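A short reminder: the numbers here are calculations on the coordinates, not readings from a lab. Not measured: the values here are computed from a predicted model. Note: ideal-geometry Cβ built from the backbone for every residue, glycine included; neighbour counts use all protein chains shown.
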Amino acid sequence: MSRLHAVLAAIDEGLNASMERWFELLRMPSISADPAHAEDCRRTAQWLANLLADMGLKASVEETGGHPVVLAHSVDTMHAAPRVLFYGHYDVQPVEPREAWHSDPFKPEIRTGADGRARVYARGAADDKGQLLTFLEALRAWMQVHEGRPPFPVTILLEGEEEIGSPSLDAFLKARKADLQADIALVCDTNQWDAETPAITTRLRGIVHDEVVIKGPNADLHSGLYGGPVPNPLHVLARLVSALWDEEGRVTLKGFYEGVSDLPATLRRQWAKLGMDDARLLAEVGLKPPAAGEKGYTALEKIWARPTAEVNGMGGGHMGPGAKTVIPAEAFLKISFRLVGRQDPQAVREAFREHVRQHLPAGFTARFAEAEAGAPAIEIPEDSPPVKAAAAALEEEWGRAPVFMGCGGSIPVVGSFRHILGMDTLLVGFGLPDDAIHAPNEKYDLTSFHKGMRSWARIMARLAETTM
Ligand SMILES: [Zn+2]
């Protein structure tokens, strides 16, 4: 452990130098969505490759057809295992609305809040430049203390297209599979529970979308001349939508809950203690209880561990101003399902389609959108060795056990690592819910940066002793 303490001391002593590198990275406007910044993205990739080479890794900028990927490998290591793949992204979101920023988004500024906490404001301060540097700077400190050797073989993969949906990533993973072999992937792009409580994200809901147009009468009809006997597609749609849930808030699609596992009692207890009840969650969005959704589950359980059906859009008929007495020929619905456990996206979509067909009056037809693959949920067992190692390390640094969080949305790269590279991902991040990522005045707390680096150093020490 004294070796770890030397690494932690190196992190503390090198904090100013680490921050200088962080600020230099933040000054580069690597906005992946804007073609005018393509050269900035490339410059950022090259800067990171230089940084990694300077640390003693074998680093290169790799072409993808889009913005390049930065790839780096350790050369000589202390132990032969476990092999670790670290993923981060160097691209950032656009800054609009620019006038809402209190300082230049690409001139990082430290400001101390009324609560006495220092924060760095810049686009990418958290997402993902600050976050990815917590790992890289911890690795730098480790290598500096141990004659240029990391604790185990490390591959670094930094993408430049995460904020535009990673269009080139899967092809890159497939093409470079041999170079990316590892026992576990580490991703630093998630949040803590709050400023004092670290977290490991172990559950990501999956998703599947569908879209349908219901066609009834052969043309829009006058509701005075035809209203009464002619079934109205909008009424049909409203009825089939309302039939998607029963009185208990459970989704009624056939086989929908197949593969949904019960929440372990330990997690239920941990989440119950977090103080996020229905009333608090609803107050955030200007509402009051009772909450929607399945009876018998708390707000957090519903978001992190239960599946949903959610209507994202529906309409048809007269949508313009004023009245128009029409029975529309068509009505449309856009719907998505959040998935958990081993729910099969294709099976859920097929059950939905069957539900639609069963609700159609005679002569009606349903036209479905082209089926996309959808993404199954990801669950990393909380008692798996890497999660236990990271949890112990985080508890040492923060003085309290991490929360095992779910994430109601999906993080596609985690699915790609599992399906293409065949490895699980450990999701540890030091972002805070008020970091304003993707929004004006994005920030990262200085403690997130500093304790984030220290946390990674401790996680590395624990992983080095873990058999997977
Ligand atoms: Zn982002």
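Could you order peptides 289-301, 156-168 by the average number of other Cβ atoms within 10 Å of their residues, highest first?
156-168, 289-301
Each residue of the stretch 351-365 in turn: what ³J(HN,Hα) in whole Hz from Karplus with 6.51, -1.76, 1.60 and θ = phi - 60°, glycine and Pro shown as x?
So the Karplus estimates, Gly and Pro as x, are 5, 5, 5, 5, 4, 4, 4, 5, 9, 7, x, 4, x, 6, 10 Hz.
Sticking with the crude label model, points 7 Å out along Cα→Cβ, report the distance from A100 to M78 in nm, one decimal please.
Those two pseudo-labels are separated by 4.5 nm.
Roughly how big is the chain's charge dipole about its Cα centre, with Cβ charges of +1 (Lys, Arg) and -1 (Asp, Glu), in debye to the nearest 20?
That gives a dipole near 720 debye.
Of W398, W22, how do they rank once you tally other Cβ atoms within 10 Å and put the fewest first?
Final ranking by Cβ density, sparse to dense: W398, W22.
Ranked highest first by the average count of other Cβ atoms within 10 Å around their residues, in what order do 259-271, 138-150 fall?
Packing proxy ranking, top to bottom: 138-150, 259-271.
Where a Cα-Cα gap under 29 Å defines reach, which lysines qualify for K254, not counting those fewer than 8 residues away within the same chain?
K215, K295, K302, K334
Can you spot the lysines whose alpha carbon is less than 28 Å from K58's alpha carbon? Ignore those fewer than 8 places along the same chain.
The reachable lysines, counting only those whose Cα sits under 28 Å from K58, are K129, K174, K177, K451.
Run the paramagnetic zone check for I110: 7 angstrom along Cα to Cβ, then residues of the stretch 422-460 with backbone nitrogen under 15 Å.
444-451
Once you have the Cα-Cα distance between R342 and F364, take 0.36 nm times their residue separation minus that, and quote the gain in nm to one decimal.
Difference between extended and current length: 4.5 nm.
Which ordering of H5, H37 is given by a fewest-first count of other beta-carbon atoms within 10 Å?
H5, H37
Relative contact order for the chain using alpha-carbon pairs under 8 Å, separation at least 6, rounded to a whole percent?
25 percent
Set Lys and Arg Cβ to +1 and Asp and Glu Cβ to -1, take the dipole of the stretch 273-429 about its Cα centre, and tell me which of V326, V311, M423 lies farthest positive.
Projecting each Cα onto the dipole axis, the largest value belongs to V326.
Which value at 222 nm does the chain reach when only helices count, each DSSP H run of 4 or more adding -39,500 (n - 2.57), with the total divided by all residues and rounded to the nearest 500 deg cm²/dmol?
Helix-only estimate at 222 nm: -10000 deg cm²/dmol.
Tell me whether the stretch 112-208 comes out rounded, prolate or oblate; compute the Cα gyration tensor, take square roots of the eigenvalues as a ≥ b ≥ c, and use a/c under 1.5 as the rounded threshold.
Since a/c reaches 1.5 but b/c is at least a/b, the shape of the stretch 112-208 is classed as oblate.
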